[in-house]
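Heads up, the thing below is written out as structure tokens.
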Amino acid sequence: MKRYFALLLVLACAPAFAAGSGETALRDKLAGHWKTSKEYTLAIAEQMPAESYSFKPNADQMTFGEQMAHIAGANMYFMSIVTGEKPGEEPKDSINLKIAESFIPTAKFEIPATKEAWQKQRDQMMAGLKEKVFAGWPKETVDLDVKEIAKSEKSGWRMRELEFTSESTVRARIYLVESLAGAKPQRINLYVLGENEWEGFVANMGGLFPDVLGGQTRQQERGDGPVSGAYLAVRGVGPGAWNVDEKKRTQILRRYWLLGQTVDGMRVWDVRRAIAAIRSIDPSREIRITGSGYMSVVGLYASLFEPNISEVALQHPPMTHQNGPQLLNVLKVMDIPQAAALAADKCKVSIVSGDAEAWKYPKEVAEKMGWQTFDLTSQK
């Protein structure tokens, strides 16, 4: 909803843009995007049977009919501002004017004074994640059906491209990179790749393994050389990227919301399934989950639901879900620092961040509980 409120503000200022062609082009582009959103919303409303307007994905969300009414009411209110008319009454359930605030109340947690108090907080947060955030995960898991679809050995290194089933309609890929020299490491690093990380992966590995990466290769930009580990391309990334226009991409993202999911929430599921796939190949090795930016947080949440993860390493993650990743209802339950504390109760958590103060909660919880599992490195 933030996107649409920002869009409406720009449209409201359209008269001020009239003097410049660049501003007019921006206005027209935003208006076109809004028109696409309108057409898609109306198409969805028309497709939904009348008897299903009372449907809601879970108890914490509006019904389909309430959501349609909310959208209509908010549009009427804001368009009265755009046209210069006296604004009507703001919809009772409107949260769009509070742009500087969190759209939903953020759960607040005090530093627990005792282990019992921490266990109560932990159980409350985990229950919230299962019931409100990840309730849209598949109820039944399907066979992983892990298949090796490509392999290459060169200059003392081997890359294997594995495909596995994340859910019935989604196949994801892992790229296993291993040195052929020396003993096999006891631990394997699982790198969670977003779009930017995928570009870096291809730039670093494409020159050595063009026959595996195929058409995905890029001009090599870094001289790091191969780094062993398992590289996961989650849905929408790498070979499974959604190479579509903005309209189609928006439609894809919205379908997840209509199913009571988000893309990022299902990417957490992809990581969980990737862990299972790796263990099906070699159950003896420890797994360390790592990533950068908001994709590191996707890996962090996956670790909360998987046993025997040795470490979660986050490179410059966002400090709050207001900056991503987008997970359904998550701020009603917790924020990223609380997730880090939950993980530190299970395994080692290493964070590199330029804002040490943002990680006060997990740091103090770890100290209070006597854990030696939380490590914070301050780095801009």
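The values are calculated or read from the model by the stated rules, or taken from the named source; none is laboratory data. Bear in mind the structure is a predicted one, so any value in this text is a computation, not a measurement. No Cβ is skipped: glycine too gets one built from the backbone with ideal geometry, and neighbour counts run over all protein chains shown.
Okay, residues lined up against (1) in contact with a Lys or Arg (Cβ under 8 Å, 6 or more places away or on another chain); (2) modelled with pLDDT of 95 or more:
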position: 148; (1), (2): yes, yes
position: 168; (1), (2): no, no
position: 173; (1), (2): no, yes
position: 176; (1), (2): yes, yes
position: 190; (1), (2): yes, yes
position: 238; (1), (2): yes, no
Qualifying residue in segment 85-101 (condition: exposed (fewer than 15 other Cβ atoms within 10 Å of the Cβ), among the charged types (D, E, K, R), at pLDDT 70 or above and not in a helix (DSSP H, G or I)): no
First in segment 142-157 and assigned by TED's automatic domain parsing to the domain that holds residue 204 and of a type in the set (Phe, Trp, Tyr), second anywhere and surrounded by 12 or more Cβ atoms within 10 Å (Cβ to Cβ) and assigned to a loop (DSSP other than H, G, I, E, B), Cβ under 6 Å, 6 or more apart: 157/226
Among (1) under 24 Å from residue 363 (Cα atoms); (2) touching a strand residue (DSSP E or B) at 6+ places or on another chain (Cβ under 6 Å) - the single one residue 148 does not satisfy: (1)
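Is it the case that residue 189 is surrounded by 15 or more Cβ atoms within 10 Å (Cβ to Cβ) and free of Cβ contacts under 8 Å to residues at least 40 places away in the same chain? Lay out the reasoning, then the answer.
Numbers: surrounded by 15 or more Cβ atoms within 10 Å (Cβ to Cβ): yes; free of Cβ contacts under 8 Å to residues at least 40 places away in the same chain: no.
Answer is no for this residue.
So if I check each of 177, 202, 192, which one is under 19 Å from the mean Cα position of the chain (by Cα), within 21 Å of residue 296 (Cα to Cα) and among the aliphatic types (A, V, I, L, M)? Full working, then the answer.
Details: 177 fails: under 19 Å from the mean Cα position of the chain (by Cα); 202 fails: under 19 Å from the mean Cα position of the chain (by Cα).
Exactly one of 177, 202, 192 is under 19 Å from the mean Cα position of the chain (by Cα), within 21 Å of residue 296 (Cα to Cα) and among the aliphatic types (A, V, I, L, M), namely 192.
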Single match in 262, 250 (criterion: farther than 14 Å from residue 175 by Cα, modelled with pLDDT under 95, among the polar types (S, T, N, Q) and surrounded by 21 or more Cβ atoms within 10 Å (Cβ to Cβ)): 262
Condition check for residue 208: part of a loop (DSSP other than H, G, I, E, B), farther than 30 Å from residue 55 by Cα and in the same structural domain as residue 299 (by TED's automatic domain parsing): yes
Among the candidates 344, 356, 340, residue that is touching a Leu at 6+ places or on another chain (Cβ under 9 Å) and within 25 Å of residue 132 (Cα to Cα): 340
Odd one out for residue 343, checked against (1) under 20 Å from the mean Cα position of the chain (by Cα); (2) farther than 21 Å from residue 120 by Cα: (2)
